[in-house]
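Q: Pasting a structure below so you can have a look.
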């Protein structure tokens, strides 16, 4: 760990405010958790100097962090977004028409986004033509859940810019997941024409 990294961790959630015109000299604590923002100001004058104000700011910050710990990577990757139609975060249906030498060909598949250390994703596609709608969906769900099991650690603080509270992933049975797969395939939007060269 470098000195810069160590300083960043020591001052996580804490910034310095020095504004000469308003004679403001203080430490500011800002922590965001599950859509709530906690802010505290620690003035040098009130706390008896810059170092004492910083110590008070750190105590306040540490109390907040113990009361509201950061999300784990697994929790963050399980947040169901508003535009999700599959019922499981990181699993989506995709359809496209590609132009080939033999004319247009339609391709439909379920995609699983697999989180990889550190903070990258890998896309894995499961063809509806090869596996059928239900089996392709089941394989995408299994791939995603297996990838989530392998995640460790907490969310990187700067990536935690969420506006809404955390929604736990729905617990669906295999039959409910399969029913959603069939419904999503039936309701899939008209595929986009992709020109291949």
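The values are calculated or read from the model by the stated rules, or taken from the named source; none is laboratory data. Treat the numbers as computed from the prediction; the structure is a model and nothing was measured. Cβ atoms come from the backbone with ideal geometry, glycine included; neighbour counts cover every protein chain shown.
Q: Hey, among the residues in the range 120-141 that are surrounded by 11 or more Cβ atoms within 10 Å (Cβ to Cβ) and under 22 Å from residue 72 (Cβ atoms), which one's modelled with the lowest pLDDT?
A: 121
Q: In the range 12-38, how many residues are closer than 28 Å to residue 79 by Cα and out of contact with any helix residue (DSSP H, G or I) (no Cβ under 7 Å at 6 or more places or on another chain)?
A: Summing the residues that are closer than 28 Å to residue 79 by Cα and out of contact with any helix residue (DSSP H, G or I) (no Cβ under 7 Å at 6 or more places or on another chain) in the range 12-38 gives 7.
Q: Being out of contact with any strand residue (DSSP E or B) (no Cβ under 7 Å at 6 or more places or on another chain), assigned to a loop (DSSP other than H, G, I, E, B) and in contact (Cβ under 8 Å) with a residue 12 or more places away in the chain is the filter here; which residues of the range 130-152 pass it?
A: Listed by number, the list holds a single entry, 152.
Q: Also, quick follow-up: Which one of these is under 17 Å from residue 142 (Cβ atoms), outside the structural domain of residue 32 (by TED's automatic domain parsing) and either modelled with pLDDT under 85 or in contact with a strand residue (DSSP E or B) (Cβ under 9 Å, 6 or more places away or on another chain) (or both): 111, 98?
A: On inspection, the qualifying residue turns out to be 111.
Q: Another one. Taking residue 144 and the conditions (1) closer than 12 Å to residue 77 by Cα; (2) touching a helix residue (DSSP H, G or I) at 6+ places or on another chain (Cβ under 7 Å); (3) at pLDDT 90 or above, which numbered condition does it fall short on, given that it satisfies the others?
A: (2)
Q: Restricting attention to the range 58-70, which residues are closer than 16 Å to residue 36 by Cβ and touching a helix residue (DSSP H, G or I) at 6+ places or on another chain (Cβ under 9 Å)?
A: 70, the sole residue that qualifies.
Q: Can you name every residue in the range 78-95 that is at pLDDT 90 or above and surrounded by fewer than 18 Cβ atoms within 10 Å (Cβ to Cβ)?
A: Once the filter is applied, which keeps residues that are at pLDDT 90 or above and surrounded by fewer than 18 Cβ atoms within 10 Å (Cβ to Cβ), the range 78-95 yields 94, 95.
Q: Let me ask something else about it. Tell me, which helices (runs of 4 or more DSSP H) lie completely within the range 1-95 with 2 or more residues that are under 25 Å from the mean Cα position of the chain (by Cα)?
A: 3-10, 50-67, 73-77
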